[in-house]
Amino acid sequence: MEHVDQKSLVRQLDPAIEIEGLSQSTLGDFWSWGYSDVLVNTIRAVFGEFLIAHALGVATKPRVDWDSVDLRYRSAGIEVKTTSAIQAWPHPANVKPSPPRFDIARHEKWDPRTGSYPSVQGRWADCYVFCVFVGPTCRPISPEELRIAVLNTNYWLFHVAPTSEIDELGDQKSIGLSSLAKLWPSMGYEDLRTAIEAALKANGA
């Protein structure tokens, strides 16, 4: 199997590109069809990465799906984790949602040159950014309004941690929101870049 050097993906595709064989359909139509439900865990996670990439001014390059870290900023790697107590699916009235948690486990590092995962595990980023979609305080709102709310940075909170401080937690695989907030206080979107640069400096990056 041929492995493509993902560093060759240097530009974003234009959403206006037409899809050959489909009458007047574009790449943007596909994206709108496939990724409009930004409240769904998997898509919300990618949107969280986009928010951080935009805050750092690196959103002009395409996202690399199989990199060992979520974002590259200058010479540093950044891991982005997202969560929310608000889910895309309805909760039964008698079932309490699970408290939000973040994955901080060590993991294997993908090697694009060999197409394999070496056996060693670690935390490969220089800092972690934890993103929490809190949503509007006035609810209930319609499903469409809730999804549009995901696109509003005022409804997000962020926690930034140097990886060296996360490593002090040892082999801990996840962390709850309340414990996270005690270690690394929350902030708004406007403070992200300064906080990330400070965390990278603290981590020696």
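The values are calculated or read from the model by the stated rules, or taken from the named source; none is laboratory data. Computed from a predicted model, the values in this text were never measured in an experiment. Here the Cβ positions follow ideal geometry from the backbone for every residue, glycine too, while neighbour counts run over all protein chains shown.
Figures for the structure shown
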read-out: Members of region 37-51 that are in contact (Cβ under 8 Å) with a residue 12 or more places away in the chain, touching a helix residue (DSSP H, G or I) at 6+ places or on another chain (Cβ under 7 Å) and either loosely packed, with under 15 Cβ neighbours inside 10 Å or of a type in the set (Val, Ile, Thr) (or both); value: Asp37, Val38
read-out: Selection count, region 98-139, where residues are of a type outside the set (Gly, Ala, Ser) and in a loop (DSSP other than H, G, I, E, B); value: 20
read-out: Inter-residue pairs, beta-carbon under 8 Å, first closer than 23 Å to Val58 by Cβ and in region 12-27, second exposed (fewer than 11 other Cβ atoms within 10 Å of the Cβ) and of a type outside the set (A, V, I, L, M, F, W, C), 6+ apart; value: Gln12/Thr60; Leu27/Asp14
read-out: Some residue of region 50-60 being in a helix (DSSP H, G or I), small (Gly, Ala, Ser) and within 13 Å of the chain's Cα centre (by Cα); value: yes
read-out: Residue tally, condition more than 21 Å from the chain's Cα centre (by Cα) and β-branched (Val, Ile, Thr), over region 82-121; value: 3
read-out: Candidate set: region 108-139, residues that are basic (Lys, Arg) and out of contact with any Pro (no Cβ under 8 Å at 6 or more places or on another chain); chosen: the one nearest to Val64 (Cα to Cα); value: Arg113
read-out: Any hit, region 85-100, residues being surrounded by fewer than 13 Cβ atoms within 10 Å (Cβ to Cβ) and under 22 Å from Ala202 (Cβ atoms); value: no
read-out: Close pairs from region 170-193: first within 24 Å of His107 (Cβ to Cβ), partner among the polar types (S, T, N, Q), Cβ under 9 Å, at least 6 apart; value: Leu177/Thr83; Leu180/Ser186
read-out: Test: residue in region 173-196 that is in a helix (DSSP H, G or I) and in contact with an Asp or Glu (Cβ under 8 Å, 6 or more places away or on another chain); value: yes
read-out: Tally of residues being within 30 Å of Ser116 (Cβ to Cβ) and either at pLDDT 95 or above or not hydroxyl-bearing (Ser, Thr, Tyr) (or both) across region 4-34; value: 10
read-out: The listed residue being of a type in the set (Phe, Trp, Tyr), closer than 23 Å to Thr42 by Cβ, in contact with a Phe, Trp or Tyr (Cβ under 9 Å, 6 or more places away or on another chain) and at pLDDT 95 or above, out of Trp156, Trp184; value: Trp156
read-out: Pair list, Cβ under 8 Å, 6 or more apart: region 64-82 residue farther than 16 Å from Arg106 by Cα, other residue of a type in the set (Gly, Ala, Ser) and in a strand (DSSP E or B); value: Leu71/Gly77
read-out: Condition broken by Cys138, with the remaining ones in (1) of a type in the set (A, V, I, L, M, F, W, C); (2) surrounded by fewer than 13 Cβ atoms within 10 Å (Cβ to Cβ); (3) at pLDDT 95 or above satisfied; value: (3)
read-out: Test: residue in region 176-191 that is closer than 21 Å to Arg74 by Cα and either surrounded by 15 or more Cβ atoms within 10 Å (Cβ to Cβ) or in contact with a Leu (Cβ under 9 Å, 6 or more places away or on another chain) (or both); value: yes
